[in-house]
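> Structure incoming, see below.
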Amino acid sequence: MRTIAQISDLHFGAHDPAIVAHLHAALSAIRPDLIVVSGDLTQRARKEQFAEAALFFERLETEGLRLLVVPGNHDVPMHKPVQRLFWPLRRYTRFIARGRSGWYCDAELAVLGLASAHGLTVKDGRLTRVQIRSIGDHFAAVPSSAARILVTHHPLVPLPGEEKGEIEPALRGARRALKAVKAADVHLVLAGHHHVPGVSLSGPTLSIDPGVMVVQAGTATSWRRRRTPNSFNLLILASPSEVQVEEWISEGGAFSCPAPRRSFSRSAGDSGGWASTPAA
Ligand SMILES: [Fe+2]
Ligand SMILES: [Fe+2]
């Protein structure tokens, strides 16, 4: 079994320091096998904001916790056009990336983080052909006993819309990337960006592949919320085809998980689709 805490959209610079402290306390108590940070660490990609994010991560690492981090669109400097164009992730790389980016793999868990943030648009993301090719390369040697997970800041797949229909992925290259995800037998994709937590499976208004489960995180520490409290996800992976998801929310001076844990399982065979399973 493996546990992953997915925290996202911390937005240091537009954060609530008390909630940062509560998040630290919750992660210290839970002690997940891996903390996945799905982008937007800062509000404006300023040095002091990256430094605050780095300090938060270092404190967790000092306690023996392990992190895998990807950048978000807010981690690219907005008002520095030259830097934006030529070195969009320079500050992210300097302050955050070393030892926390890219790839984590053990006997039960393989997680690939890809940077979907770039300098050519304000908000949307992109995966290059080289990045998409790297999905197959990374997962080729992973044993079947391991859960296979891809992390990007921008969601790779459409999400349920506020009314009927779906929100198209804000990610160029999403279609190609999804093919690579299927070919590499990756079944779980984690993302942030929309500041709306939830789990998406294929359904009548959602055209995602039934074999892909999408876990979206809200904002863990920022006041830039969308009618939802600050939150993070805790994933409990009993096997590559059995996942439980807890949504931890900030309430009354601490993070807690008031709603029941949701369970999902993936059927074997050609269809290989995920379905929600009733609580035991
Ligand atoms: Fe964000
Ligand atoms: Fe974002």
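The values are calculated or read from the model by the stated rules, or taken from the named source; none is laboratory data. Being a predicted model, the structure only gives us computed values, none of them experimental. FYI the Cβ positions are ideal-geometry reconstructions off the backbone, even for glycines, and counts take in every protein chain you see.
> Please go through segment 91-126 and give me each residue that is away from ligand 2 (no atom under 16 Å from the Cβ) and of a type in the set (S, T, N, Q), ordered by number.
If the condition is that a residue be away from ligand 2 (no atom under 16 Å from the Cβ) and of a type in the set (S, T, N, Q), then THR93, SER101 are the ones that fit.
Per-residue answers, yes or no, for (1) assigned to a loop (DSSP other than H, G, I, E, B); (2) in contact with a His (Cβ under 8 Å, 6 or more places away or on another chain); (3) within 23 Å of ALA14 (Cα to Cα):
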| position | (1), (2), (3) |
| --- | --- |
| PRO229 | yes, no, yes |
| LEU235 | no, no, no |
| GLU246 | no, no, no |
| ILE249 | no, no, yes |
| PHE255 | no, yes, yes |
| PHE264 | no, no, no |
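> Collect the residues in segment 238-261 that are farther than 17 Å from LEU27 by Cα, surrounded by 15 or more Cβ atoms within 10 Å (Cβ to Cβ) and out of contact with any Leu (no Cβ under 6 Å at 6 or more places or on another chain), keeping them in residue-number order.
Residues satisfying the conditions are PRO240, SER241, GLU242, GLN244.
> Hey, can you tell me all the residues within segment 133-159 that are in contact (Cβ under 8 Å) with a residue 60 or more places away in the chain, part of a loop (DSSP other than H, G, I, E, B) and buried (at least 23 other Cβ atoms within 10 Å of the Cβ)? Don't jump to the end; show me each part of the working.
Residues of segment 133-159 in contact (Cβ under 8 Å) with a residue 60 or more places away in the chain: 144-149, 151-155.
From what's left, part of a loop (DSSP other than H, G, I, E, B): 144-146, 152-155.
Passing the criteria: THR152, HIS153, HIS154, PRO155.
> So, in segment 49-97, exactly how many residues are within 16 Å of ligand 1 (Cβ to nearest atom), within 21 Å of VAL20 (Cα to Cα) and in a loop (DSSP other than H, G, I, E, B)?
2
> Residue check, LEU190 against (1) assigned to a loop (DSSP other than H, G, I, E, B); (2) within 16 Å of ligand 1 (Cβ to nearest atom); (3) buried (at least 22 other Cβ atoms within 10 Å of the Cβ), all met but one. Which one?
(1)
> Determine which single condition ARG224 fails, assuming it passes every other condition in (1) away from ligand 2 (no atom under 16 Å from the Cβ); (2) more than 17 Å from the chain's Cα centre (by Cα); (3) touching a residue at least 12 places away in the same chain (Cβ under 8 Å).
(1)
> hydroxyl-bearing (Ser, Thr, Tyr) and modelled with pLDDT of 95 or more: does that describe SER241?
Values: hydroxyl-bearing (Ser, Thr, Tyr): yes; modelled with pLDDT of 95 or more: no.
No, not satisfied.
> May I pose another question? What's the number of the condition SER222 fails, among (1) surrounded by fewer than 19 Cβ atoms within 10 Å (Cβ to Cβ); (2) modelled with pLDDT of 95 or more?
Going through the list (1) surrounded by fewer than 19 Cβ atoms within 10 Å (Cβ to Cβ); (2) modelled with pLDDT of 95 or more, SER222 breaks only (1).
> Moving to a separate point now. Any residue at all in segment 118-132 that's surrounded by 18 or more Cβ atoms within 10 Å (Cβ to Cβ) and closer than 26 Å to PRO32 by Cα?
No, segment 118-132 contains no residue that is surrounded by 18 or more Cβ atoms within 10 Å (Cβ to Cβ) and closer than 26 Å to PRO32 by Cα.
Per-residue answers, yes or no, for (1) hydroxyl-bearing (Ser, Thr, Tyr); (2) within 16 Å of ligand 1 (Cβ to nearest atom); (3) more than 13 Å from VAL76 (Cβ to Cβ):
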{"residue": "GLY102", "(1), (2), (3)": "no, no, yes"}
{"residue": "GLY119", "(1), (2), (3)": "no, no, no"}
{"residue": "LEU127", "(1), (2), (3)": "no, no, yes"}
{"residue": "SER134", "(1), (2), (3)": "yes, no, yes"}
{"residue": "ASP137", "(1), (2), (3)": "no, no, yes"}
{"residue": "VAL142", "(1), (2), (3)": "no, no, yes"}
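> Which condition does PRO88 not pass, out of (1) within 14 Å of ligand 2 (Cβ to nearest atom); (2) touching a residue at least 40 places away in the same chain (Cβ under 8 Å); (3) crowded, with 18+ Cβ neighbours inside 10 Å; (4) not β-branched (Val, Ile, Thr), if it passes all the others?
Failed condition: (2).
Every residue, every condition in (1) touching a residue at least 24 places away in the same chain (Cβ under 8 Å); (2) more than 21 Å from ALA254 (Cα to Cα); (3) within 16 Å of ligand 2 (Cβ to nearest atom), yes or no:
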{"site": "PHE12", "(1), (2), (3)": "yes, no, yes"}
{"site": "ALA21", "(1), (2), (3)": "no, no, no"}
{"site": "ARG31", "(1), (2), (3)": "yes, no, no"}
{"site": "ASP40", "(1), (2), (3)": "yes, yes, yes"}
{"site": "PHE56", "(1), (2), (3)": "yes, no, no"}
{"site": "THR62", "(1), (2), (3)": "no, yes, no"}
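> Right, next: For segment 193-219, how many residues are outside any loop (DSSP other than H, G, I, E, B), more than 14 Å from ligand 1 (Cβ to nearest atom) and buried (at least 16 other Cβ atoms within 10 Å of the Cβ)?
Just the residues of segment 193-219 that are outside any loop (DSSP other than H, G, I, E, B), to begin with: 198-200, 203, 206, 213-216.
Okay, now just the ones that are also more than 14 Å from ligand 1 (Cβ to nearest atom), so 198-200, 203, 206, 213-215.
Then keep just the ones that are buried (at least 16 other Cβ atoms within 10 Å of the Cβ); that gives 198-200, 206, 213-215.
Of the residues in that region, 7 qualify.
> In segment 91-117, which residue that is under 20 Å from ALA141 (Cα atoms) and aromatic (Phe, Trp, Tyr) is surrounded by the fewest Cβ atoms within 10 Å (Cβ to Cβ)? Can you show your working first?
Filtering segment 91-117 for residues under 20 Å from ALA141 (Cα atoms) gives 101-114.
Narrowing the set further to residues that are aromatic (Phe, Trp, Tyr) leaves 103-104.
Details: TRP103: 13, TYR104: 19.
Applying the filter and picking the extreme gives TRP103.
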